[in-house]
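Any read-out appearing in this document is the output of simple, stated calculations on the displayed coordinates, not a laboratory observation. The shown structure was predicted, so the numbers you read here are calculated from the model rather than taken from an experiment. Neighbour counts are summed over all protein chains in view; Cβ atoms, including those assigned to glycine, are modelled from backbone coordinates with ideal geometry.
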């Protein structure tokens, strides 16, 4: 009897708002702005309450992606890989990287940049209550949670469900609501 393909979860996180205070800094080296750090704290609380605990984290090497990831204070002991090839990578490059994930990983987090992260989310997700919201805008600090079936190496367009999509603004609004 054939076994059912394992359900997998992919989290796609666009780095939080970066600073443009030092125009002499290379794009790769720009840190988070104060607004980005506040958004990171809101995301960290969401990650804790939602029980998000990826086994693998793939993160661009840019300063702003690394800082965003550090603010999350992920639980468990995920394997964290900082990869230069993820810096400003387009969706097709990100998809190929995801296809190389081993099947022992059930949950992975990819921390990257515009427009690759949002293009990848839209490429993979064909359904989900928040899909319209994601299509409107994937702002800095936004997190898409995508449900996948089967093996990573078989990822293809429109194979997934957008299970959740949160933005720092929505998280901040929720935190202020009594």
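Is it the case that the stretch 52-75 has a residue that's touching a helix residue (DSSP H, G or I) at 6+ places or on another chain (Cβ under 9 Å), farther than 15 Å from residue 15 by Cα, exposed (fewer than 15 other Cβ atoms within 10 Å of the Cβ) and touching a residue at least 12 places away in the same chain (Cβ under 8 Å)? There is at least one residue in the stretch 52-75 that is touching a helix residue (DSSP H, G or I) at 6+ places or on another chain (Cβ under 9 Å), farther than 15 Å from residue 15 by Cα, exposed (fewer than 15 other Cβ atoms within 10 Å of the Cβ) and touching a residue at least 12 places away in the same chain (Cβ under 8 Å).
I'd like to check something: does the stretch 3-22 contain any residue that is assigned to a strand (DSSP E or B), surrounded by fewer than 16 Cβ atoms within 10 Å (Cβ to Cβ) and touching a residue at least 40 places away in the same chain (Cβ under 8 Å)? Yes.
Would you confirm, using the coordinates I've provided, whether residue 164 is in contact with a strand residue (DSSP E or B) (Cβ under 8 Å, 6 or more places away or on another chain), within 17 Å of residue 54 (Cβ to Cβ), surrounded by 16 or more Cβ atoms within 10 Å (Cβ to Cβ) and touching a residue at least 24 places away in the same chain (Cβ under 8 Å)? Full working, then the answer.
Details: in contact with a strand residue (DSSP E or B) (Cβ under 8 Å, 6 or more places away or on another chain): yes; within 17 Å of residue 54 (Cβ to Cβ): yes; surrounded by 16 or more Cβ atoms within 10 Å (Cβ to Cβ): yes; touching a residue at least 24 places away in the same chain (Cβ under 8 Å): yes.
In short, yes.
If we scan the stretch 83-105, do we find a residue that is assigned to a strand (DSSP E or B), closer than 18 Å to residue 15 by Cα, touching a residue at least 60 places away in the same chain (Cβ under 8 Å) and out of contact with any helix residue (DSSP H, G or I) (no Cβ under 6 Å at 6 or more places or on another chain)?
no
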